[in-house]
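What follows is a set of notes on a single structure, which appears directly below.
The values are calculated or read from the model by the stated rules, or taken from the named source; none is laboratory data. Since this is a predicted model, take the numbers as computed values, not measurements. Positions of Cβ are backbone-derived with ideal geometry, glycine not excepted, and every protein chain shown enters the neighbour counts.
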Amino acid sequence: MRILKCLAPTILLTCCQPSYKQNTFTPQNSEPAAQSQYHEEIAREEFERKHGGTIPNHPSLSRLESMLSKFQIPNTKVSVLNTYHPNAYVLRTGHVYFTKGVLNDVDSEEGIAALIAHELSHLDDPENFAPEKTFEEKLEIEVKADLGATALLLKNGYNPEAIIKLLNCLKEQPEGWPEARISRIKKHLNIQ
Ligand SMILES: [Zn+2]
């Protein structure tokens, strides 16, 4: 069964940690943890605004929530962004995002599971959210998320090769990235 419809020319999986300016309304005299949480919240709101906002009543949302919960990663949440740009993101708060565009392209349970697993896997890598990464570092971060996704898929009863099928449909990745990522996954899974 095909995992993707591949109708749209682009699916770019990224991890995303939005930049944000220090907010001048930061609560004073609050604990560092509270301030940090406050800044995370501001960053999340800015990120969502930048991507068209979220769609609380999107028809795929309950399915996404149900599938995300099966992975049993605490403190995670999923939302749909109101943009046709096909992409998926995760913030370090555990907030996973799918765009309307990526949901148009990825319609099978296995495909969505691969996307969720990839994004959740980013949460295990602190480097994912570090600023100022080089091109090579970004590729390595994506590879680590792909390899982590294979383990998450297997653990949750999915074929780990679902991530390869997904990557095969990514048409506008940086040159050489799909090959590099798929090669590393195949080596990791010990398949040809
Ligand atoms: Zn990624």
| request: Report whether or not Ile112 is β-branched (Val, Ile, Thr) and either away from the ligand (no atom under 14 Å from the Cβ) or more than 13 Å from the chain's Cα centre (by Cα) (or both). | output: yes
Checked pairs for the range 130-152, first within 11 Å of the ligand (Cβ to nearest atom), second at pLDDT 95 or above and not in a helix (DSSP H, G or I), C-beta under 9 Å and 6 or more apart or across chains, list as Ala149/Pro160
>> Can you confirm whether Glu65 is out of contact with any Lys or Arg (no Cβ under 6 Å at 6 or more places or on another chain), under 22 Å from Pro174 (Cβ atoms), without any contact (Cβ under 8 Å) to a residue 24 or more places away in the chain and away from the ligand (no atom under 15 Å from the Cβ)?
In response: no
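Out of the residues in the range 76-91 that are part of a loop (DSSP other than H, G, I, E, B) and within 16 Å of the ligand (Cβ to nearest atom), state the one that is surrounded by the fewest Cβ atoms within 10 Å (Cβ to Cβ). If you could, list the steps in order and put the result at the bottom.
Of the residues in the range 76-91, the ones part of a loop (DSSP other than H, G, I, E, B) are 76, 82-86, 91.
So of that shortlist, the ones also within 16 Å of the ligand (Cβ to nearest atom) come out as 76, 85-86, 91.
Values: Thr76: 19, His85: 15, Pro86: 25, Leu91: 22.
Restricting to residues being part of a loop (DSSP other than H, G, I, E, B) and within 16 Å of the ligand (Cβ to nearest atom), the top hit is His85.
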Exercise. Is there a residue being surrounded by fewer than 17 Cβ atoms within 10 Å (Cβ to Cβ) and not in a helix (DSSP H, G or I) anywhere in the range 133-149?
Worked result: yes
All-but-one check, Ala117 against (1) under 17 Å from Pro56 (Cα atoms); (2) buried (at least 16 other Cβ atoms within 10 Å of the Cβ); (3) not polar (S, T, N, Q), failing number (1)
